[in-house]
Amino acid sequence: MEKIFGNHSVRAVFLTRPQAVRRVILLDGKKSSLNEEYISLARCARIQPEILPWDKFLRAADLTADDKHQGVCIFADPRTIYTESDLKSLSEARVILALDQITNPQNLGTILRNAAFFGADAVILLKNRSTDITPTVTRIAVGGAEFVKIFKVINLARSLDTLKKIGFWVYGLDERGEKTLAETDFAEKTVFVVGAEGEGLRLRTGKFCDVLVRIPGGRPGLESLNAGVATAVALAEVFRSDNR
């Protein structure tokens, strides 16, 4: 079962896949309006919510006092995770994010939130060299993980090649890019590749990009932004440029 906690993340599951929810655990004594909302959502999903005191809530939800649970936790059937063999299903998509070895859960959660906020169609992760979609990541994404398709692929370069064959133009976000985001005319079908924290795009990945673009700014000793912030800047520019 998949564990999801935190108000926005739990609410997003009820909005997108209520049939997947199997258990609802609420902290007794929370604001009555919030508990009433989740009690109603649970009953609509034909589930009897469990309202528990602090110690029993943490035990039942398998959480610690440091987890930012906001008094609500659900267990659900695992979300659908797509693979390389499903990439051609994105033939009608407009904007896709491809992540090259993103290993920081905070950054991945932020990127998923950014993707959902701006309306990206999918996020592609490396299966073996990326942080996973953990309860912490979904909590940081504050619901964003529910609103974009998530793909896990073994070979990112091969996946980019597949997307090119169905009409996508691939842009690598790299501080060495010749053009800035604002100077770039983005294709109707765009893939944005974001590199790992600190290292940026791998050389092999960069070779599969049609264009390398950069965010203007930086100074000696501070040449780049972290992956989560850089993705937000890039998506804002892509969606601003043509009002997708």
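The values are calculated or read from the model by the stated rules, or taken from the named source; none is laboratory data. Not measured: the values here are computed from a predicted model. Methodologically, a virtual Cβ is constructed for each residue, glycine included, from the backbone with ideal geometry; neighbour enumeration extends over all protein chains shown.
With the condition kept exactly as written, say whether any residue in segment 27-48 is modelled with pLDDT under 95, in a strand (DSSP E or B), out of contact with any His (no Cβ under 7 Å at 6 or more places or on another chain) and on the phi < 0 side of the Ramachandran plot. The answer is yes; a qualifying residue exists.
Return a yes/no flag: does segment 17-35 have any residue that is farther than 30 Å from LEU156 by Cα, without any contact (Cβ under 8 Å) to a residue 40 or more places away in the chain and either touching a Lys or Arg at 6+ places or on another chain (Cβ under 7 Å) or buried (at least 18 other Cβ atoms within 10 Å of the Cβ) (or both). Within segment 17-35 (the criterion being farther than 30 Å from LEU156 by Cα, without any contact (Cβ under 8 Å) to a residue 40 or more places away in the chain and either touching a Lys or Arg at 6+ places or on another chain (Cβ under 7 Å) or buried (at least 18 other Cβ atoms within 10 Å of the Cβ) (or both)), the answer is yes, since at least one residue qualifies. Among the residues of segment 49-102, those that are in contact (Cβ under 8 Å) with a residue 60 or more places away in the chain and assigned to a strand (DSSP E or B) comprise VAL72, CYS73, ILE74, PHE75, ALA76, TYR82, VAL95, ILE96, LEU97, ALA98, LEU99. Looking only at residues of segment 122-139 that are touching a Pro at 6+ places or on another chain (Cβ under 7 Å) and assigned to a helix (DSSP H, G or I), we find that the one that is farthest from ILE111 (Cα to Cα) is THR136. Here is a check on your reading of the model: is ILE111 assigned by TED's automatic domain parsing to the domain that holds LEU156 and at pLDDT below 95? Against the criterion (assigned by TED's automatic domain parsing to the domain that holds LEU156 and at pLDDT below 95), ILE111 does not qualify. Looking only at residues in segment 13-26 that are assigned to a helix (DSSP H, G or I) and not small (Gly, Ala, Ser), the one that is farthest from MET1 (Cα to Cα) is LEU15. Selection within segment 48-67: residues that are touching a strand residue (DSSP E or B) at 6+ places or on another chain (Cβ under 6 Å) and not β-branched (Val, Ile, Thr). The member of this set that is nearest to PHE5 (Cα to Cα) is ALA61. Taking the numbered list (1) touching a helix residue (DSSP H, G or I) at 6+ places or on another chain (Cβ under 9 Å); (2) in a loop (DSSP other than H, G, I, E, B) in turn, ARG204 passes all entries but (2). Here ILE140 clears all of (1) modelled with pLDDT under 95; (2) aliphatic (A, V, I, L, M); (3) crowded, with 22+ Cβ neighbours inside 10 Å except the condition numbered (1). Only one entry in PHE186, PHE208, PHE168 is crowded, with 18+ Cβ neighbours inside 10 Å and either under 16 Å from LEU90 (Cα atoms) or in contact with a strand residue (DSSP E or B) (Cβ under 6 Å, 6 or more places away or on another chain) (or both), namely PHE168. When residues in segment 143-157 are screened for being assigned to a helix (DSSP H, G or I) and either crowded, with 22+ Cβ neighbours inside 10 Å or modelled with pLDDT of 95 or more (or both), 4 of them pass. Restricting segment 84-117 to residues that are in contact with a helix residue (DSSP H, G or I) (Cβ under 8 Å, 6 or more places away or on another chain) and of a type in the set (Asp, Glu) leaves a set whose member that is surrounded by the fewest Cβ atoms within 10 Å (Cβ to Cβ) is GLU84.
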